[in-house]
Amino acid sequence: MIDLYTFTTPNGRKASVALEELELPYRAHSVNIAKGEQFKPGFLAINPNNKIPAIVDSDGPAGVPITLFESGAILIYLAEKTGKLLSAEPVRRLETLQWLMFQMGGVGPMFGQLNHFGHYAKEKVPYAIDRFTQESKRLMGVMDKALAEREYFAGEYSIADIALYPWVAAMRESFGELFEGRTHVQRWAEVLAQRPGVQRGMKVPLPAAS
């Protein structure tokens with residue numbers, strides 16, 4: 001059984017969507033980062049970096065329990081555990097990892113900073129808002145160009161799509177101007193939004209989760 005420690009953020013939803021799509025049994029535990037629960041000793045014992053998501057798999061490699069944090073590492077682990085959503089074919093595997101790193105190194109940080117300075121910063125800093133808006137638009141352009149040539153980022157549905165979708169979905173609600181003219185990203189997002197596993201995973205953790 002996998003225990004998932006998460007909250008309703010794009011990074012948290014990456015892990016829950018993957019678990020749903022891979023049909024792995026798991027228990028979701030809400031770590032309310034708005035209330036500082038990520039700093040509690042119990043959670044710090046799981047992830048000393050005090051970030052969600054994190055997982056504890058009682059049936060890890062060779063049957064030995066394993067604890068993992070960092071959403072990208074979790075996606076790779078779950079894909080390798082099941083043999084799904086990360087191709088064994090070398091080129092396609094590298095393409096998938098390439099787009100996963102694109103999300104982790106670019107999309108997540110830039111979209112996250114735009115959201116912070118656009119919505120949560122106590123002081124509005126025009127330079128920061130413009131900086132992260134322009135970079136987010138550039139990243140959207142990269143994604144749109146890639147999806148003009150293929151249905152999914154690595155050619156077939158993979159953990160790369162799972163990594164990118166929650167971030168795109170979050171920004172679609174808050175920063176609609178990023179999607180102007182990005183018809184291929186919009187088409188891709190609509191396809192993923194119809195997947196039952198994605199729909200379930202995006203609702204985790206439910207309000208009743210412990």
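State all residues of segment 10-51 that are touching a helix residue (DSSP H, G or I) at 6+ places or on another chain (Cβ under 8 Å), of a type in the set (Val, Ile, Thr) and free of Cβ contacts under 8 Å to residues at least 60 places away in the same chain; if no residue qualifies, say none. Matches in segment 10-51: 31 only.
Here's the yes/no breakdown for (1) of a type in the set (Lys, Arg); (2) surrounded by 12 or more Cβ atoms within 10 Å (Cβ to Cβ); (3) touching a Ser or Thr at 6+ places or on another chain (Cβ under 7 Å):
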residue: 99; (1), (2), (3): no, yes, no
residue: 106; (1), (2), (3): no, yes, no
residue: 110; (1), (2), (3): no, yes, yes
residue: 116; (1), (2), (3): no, yes, no
residue: 121; (1), (2), (3): no, yes, no
residue: 126; (1), (2), (3): no, no, no
residue: 129; (1), (2), (3): no, yes, no
residue: 133; (1), (2), (3): no, yes, no
residue: 136; (1), (2), (3): no, yes, no
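Screening residue 119 with (1) closer than 16 Å to residue 161 by Cβ; (2) in a helix (DSSP H, G or I) gives one miss only, at (1).
Hey, any hits in segment 157-180 for a residue that's of a type in the set (S, T, N, Q) and over 21 Å from residue 70 (Cα atoms)? Yes; the residues of segment 157-180 include at least one that is of a type in the set (S, T, N, Q) and over 21 Å from residue 70 (Cα atoms). Out of segment 34-45, which residues are of a type in the set (A, V, I, L, M, F, W, C) and buried (at least 18 other Cβ atoms within 10 Å of the Cβ)? Within segment 34-45, 43 is the sole residue that qualifies. Considering segment 169-183, and only residues there that are surrounded by 18 or more Cβ atoms within 10 Å (Cβ to Cβ) and free of Cβ contacts under 8 Å to residues at least 60 places away in the same chain, the residue that is farthest from residue 118 (Cα to Cα) turns out to be 182.
For segment 144-165, filtering for residues that are in a helix (DSSP H, G or I), of a type in the set (A, V, I, L, M) and over 23 Å from residue 8 (Cβ atoms) leaves 2.
Let's see how each residue does on (1) over 16 Å from residue 21 (Cα atoms); (2) among the aromatic types (Phe, Trp, Tyr):
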{"residue": "140", "(1), (2)": "yes, no"}
{"residue": "148", "(1), (2)": "yes, no"}
{"residue": "153", "(1), (2)": "yes, yes"}
{"residue": "164", "(1), (2)": "no, no"}
{"residue": "201", "(1), (2)": "no, no"}
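Set side by side, the residues 168, 198, 204 differ, and just one is in a loop (DSSP other than H, G, I, E, B) and either farther than 16 Å from residue 142 by Cα or among the hydrophobic types (A, V, I, L, M, F, W, C) (or both), which is 204. Only helices (runs of 4 or more DSSP H) whose full extent lies in segment 1-114 are considered here, and the ones with at least 1 residues that are aliphatic (A, V, I, L, M) and in contact with a Lys or Arg (Cβ under 9 Å, 6 or more places away or on another chain) are 10-21, 71-82.
Cβ-Cβ distances below 7 Å connect the following pairs, each with a first residue in segment 58-78 that is assigned by TED's automatic domain parsing to the domain that holds residue 26, a second residue that is surrounded by fewer than 12 Cβ atoms within 10 Å (Cβ to Cβ) and not polar (S, T, N, Q), and a separation of six or more residues or different chains: 58/1; 58/65.
The values are calculated or read from the model by the stated rules, or taken from the named source; none is laboratory data. Because the structure is predicted, anything quoted here is derived from the model rather than measured. Glycine gets a Cβ as well: all are built from the backbone with ideal geometry, and neighbour counts include every protein chain shown.
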